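Trainee: A single structure is presented below for examination.
Nothing in this text is a laboratory measurement; each read-out follows from the coordinates by a stated rule. Keep in mind it's a predicted model, so treat the numbers as computed, not measured. Methodologically, a virtual Cβ is constructed for each residue, glycine included, from the backbone with ideal geometry; neighbour enumeration extends over all protein chains shown.
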Amino acid sequence: MHRDLRLNAVGRRYGGRGPWVLRGVDLAIAPGTLTRVEGANGTGKSTLLRLLARLDAPSEGRVTGRPRTAYVPERFPSVLPFTAAGYLTRLGTVHGLSRGSAARAAAAWLERFGAAAYAGTPMARLSKGGSQKVAVAQALLADPELLVLDEAWTGLDAEARDELERAVAERTAAGGAVVFVDHDPRRLAGAPDATYTLVDGGLKARTGGDGTGLGPHTVVVVRGAAGARLPPDAARLVSTAEETDSGRHRLTVPASRSDVLLRTLLAARPPWHVVSVAPPLDPGSRA
């Protein structure tokens, strides 16, 4: 994602004289950021996400920027004339992958979410959880620049929920942007760069909602070459970074991002040495 996606004075209503669901919304989604959207039922969260995903057009105002976008809806239409693998492969070709690359990506994501056993199962016969795993996989298989998640964790088992959190961290570390809604306030706690609340059709930034003081954090101590700077993909993941000695850094990272941070540092060229990883700390205990 090379530029911001922006909503400028955006409003949305259904029907020419229907009530305004959203009005006067200004929002910028920058590359490499994670944004949480909150609000009570019926406040327009799904409407806002559909505008960001370009599935709906605003009734007024402008949306600028066209990142390559993938969307996971709150309800995924599982009654489709494909098997799980067949659907993902077909969608991968729509995104520009060759058939072989699409099939390999489909198999990899199904495996990653614990769904490889029913790759050949017709979509109409999948359970709610199985259907949701396919919904998430279809959004991730083409490396989107903007990932929009509307209650995407609903229906997933614990292992798949954790895997989706890791995938979100990977997207932002790679410079993509992620916007999500989830009913669980602990979801990705400590990780969002910004949190917004929908109230009376408007969007309000939550004070202190940048994730720096929310949720458990892990402390990672790493060593690189003297004077080396953290790789950009790693720097985007951490909440704080302190060079405590020449080449030695103490990093605090939201617990949901720690696995991705470690993989990023170990895969860097040259790789960084991981000195220690402390267990997750409670909020306010990172001193």
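Trainee: Convex hull over the alpha-carbon atoms of region 217-277: what's its volume per residue in Å³?
Mentor: Value for region 217-277: 65 Å³ per residue.
Trainee: Would you calculate, for the chain, the mean residue ellipticity at 222 nm contributed by helices, counting each DSSP H stretch of 4 or more residues as -39,500 (n - 2.57) and dividing by all residues, to the nearest 500?
Mentor: -8000 deg cm²/dmol
Trainee: Something else now. What is the calculated FRET efficiency for Glu111 to Arg3, with r their C-beta to C-beta distance and R₀ = 35 Å, to the nearest 0.05?
Mentor: It comes out at approximately 0.55.
Trainee: Taking Cα pairs under 8 Å and at least six residues apart, what relative contact order does region 217-277 come out at, in percent?
Mentor: Computed over region 217-277, the figure is 47 percent.
Trainee: Still on this structure: Compute the separation of the alpha-carbon centres of region 31-110 and region 125-188 and state it in Å as a whole number.
Mentor: 10
Trainee: Can you match semi-axes √(5λ) of the Cα gyration tensor in Å to one of these, (i) 35, 24, 18; (ii) 26, 25, 20; (iii) 32, 26, 17, based on a calculation from the structure here?
Mentor: Computing semi-axes √(5λ) of the Cα gyration tensor in Å and matching it to (i) 35, 24, 18; (ii) 26, 25, 20; (iii) 32, 26, 17 gives (iii).
Trainee: Same structure, new question: Using the basic label-point model (7 angstrom from Cα toward the beta carbon), what is the Thr240 to Ser101 distance in nanometres?
Mentor: 4.2
Trainee: Which residues in region 64-97 have a backbone N closer than 11 Å to a point placed 7 Å from the Cα of Ala124 along the Cα-to-Cβ line?
Mentor: Counting backbone N atoms under 11 Å from the label point, the list is 79-82.
Trainee: In whole Hz, with x marking every Gly and Pro, tabulate ³J(HN,Hα) for region 58-72 from phi via Karplus 6.51 cos²θ - 1.76 cosθ + 1.60, θ = phi - 60°.
Mentor: The phi angles translate into x, 6, 8, x, 9, 10, 10, x, 9, x, 5, 10, 10, 9, 10 Hz.
Trainee: Taking K and R as +1 and D and E as -1, what net charge do the other residues with C-beta under 14 Å from the C-beta of Arg68 add up to?
Mentor: Residues near Arg68 contribute +2 overall.
Trainee: I need the per residue convex hull volume for region 80-164, using only the alpha carbons, in cubic angstrom as a whole number.
Mentor: Value for region 80-164: 87 Å³ per residue.
Trainee: How much of the DSSP bridge set in the chain is antiparallel, in percent, rounded to the nearest 5?
Mentor: So the antiparallel bridges amount to about 65 percent of the total.
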